[in-house]
Amino acid sequence: MRGEKREDTHKHKGQRKELIDSLRKKGITDENVLTAMMEVPRHFFFDKDLEHIAYEDRAFPIAADQTISQPYTVAFQTQLLKIKPKDKVLEIGTGSTYQASVLAAMGTRVFTIERQKELFDLTLNYPLKDKYPRSVLTFIFGDGFEGMPGQAPFDKIIITCGAPFIPPKLLDQLKPGGLMVIPVEMDEHHKMLRITKNADGTYEEEAFSDFSFVPMLPGTNR
Ligand code: SAH
């Protein structure tokens, strides 16, 4: 799957354009998010024989029993982050590297943590390594509950797995004025929350709609 040369044909671009239009109809308004998602060929993150479903608006299984998030979810979370070029972003849950690539396409500096060794090892040969090199996209094998204190503080933090609570160490690693977007477990679903860290270190919380994510689990899995 990964590493082999993949083509982004006229047909793929057409399918991607239709997906982007459908996201706009579903309420995504940040044109920078939509442009970035137009730029990243989602089918590169799928096995070749499955690429026909890459432009459907649905999540899909990847290795290690995890999933590549639904395009709408990627768009929604990224929009909530109010991304600016040069933002330093921490992602928890690398998975397929799709979300991280969308962030890189927006001109950010991305650090992304994955707890599944199998998925982390696949990042050795991530699909867009020529376009977004390791100088802008850094992969870390570790436990997202710990964050990345050595690189903190971050302008933005995005959690792409369902968290049981807001991890305090991640809050600590957010810049004053920074934003964290995190789905938190609530009654069988995950409530999308956006946390704003104030200059005095206090936090504001906004709640959005419900989503379903794979769980955020403690520790690492070799
Ligand atoms: N952002 C990914 C979505 C992957 S699904 C993409 O674009 O494809 C969520 C990922 O979070 C899974 O790969 C899962 O292994 C990972 N995860 C769960 N708990 C974690 C933790 N504590 N630290 C880091 N990653 C975690």
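Here Met106 passes the criteria (1) more than 12 Å from the ligand (Cβ to nearest atom); (2) without any contact (Cβ under 8 Å) to a residue 40 or more places away in the chain except the one numbered (2). Name every residue in region 111-130 that is touching an Asp or Glu at 6+ places or on another chain (Cβ under 6 Å) and β-branched (Val, Ile, Thr), in order of residue number. Residue satisfying the conditions is Thr112 alone. Among the residues of region 132-142, is there at least one that is hydroxyl-bearing (Ser, Thr, Tyr), over 23 Å from Thr35 (Cβ atoms) and modelled with pLDDT of 95 or more? The answer is yes; a qualifying residue exists. Considering region 186-199, and only residues there that are charged (D, E, K, R) and touching a residue at least 24 places away in the same chain (Cβ under 8 Å), the residue that is surrounded by the most Cβ atoms within 10 Å (Cβ to Cβ) turns out to be Lys197. Would you pick out the residues in region 54-108 that are part of a loop (DSSP other than H, G, I, E, B), over 11 Å from the mean Cα position of the chain (by Cα) and β-branched (Val, Ile, Thr)? Scanning region 54-108 gives Ile62, Ile83, Thr108. With respect to Ser22, determine if the residue is crowded, with 21+ Cβ neighbours inside 10 Å and polar (S, T, N, Q). No, not satisfied. Condition first: under 17 Å from the mean Cα position of the chain (by Cα) and at pLDDT 95 or above. Can you find one or more residues in region 9-18 that meet it? Looking through region 9-18, none of the residues is under 17 Å from the mean Cα position of the chain (by Cα) and at pLDDT 95 or above. Checking the stated criteria, Thr78 turns out to be within 25 Å of Lys26 (Cα to Cα), crowded, with 24+ Cβ neighbours inside 10 Å, touching a residue at least 60 places away in the same chain (Cβ under 8 Å) and more than 9 Å from the ligand (Cβ to nearest atom).
Restrict the check to region 155-171 and report whether at least one residue is buried (at least 17 other Cβ atoms within 10 Å of the Cβ), touching a residue at least 40 places away in the same chain (Cβ under 8 Å), hydroxyl-bearing (Ser, Thr, Tyr) and within 13 Å of the ligand (Cβ to nearest atom). Yes: region 155-171 contains one or more residues that are buried (at least 17 other Cβ atoms within 10 Å of the Cβ), touching a residue at least 40 places away in the same chain (Cβ under 8 Å), hydroxyl-bearing (Ser, Thr, Tyr) and within 13 Å of the ligand (Cβ to nearest atom). Of the listed requirements (1) within 9 Å of the ligand (Cβ to nearest atom); (2) more than 17 Å from Ala59 (Cβ to Cβ); (3) of a type outside the set (S, T, N, Q); (4) surrounded by fewer than 24 Cβ atoms within 10 Å (Cβ to Cβ), Leu119 misses just one: (2).
The values are calculated or read from the model by the stated rules, or taken from the named source; none is laboratory data. All values derive from a computational prediction rather than experimental measurement. FYI the Cβ positions are ideal-geometry reconstructions off the backbone, even for glycines, and counts take in every protein chain you see.
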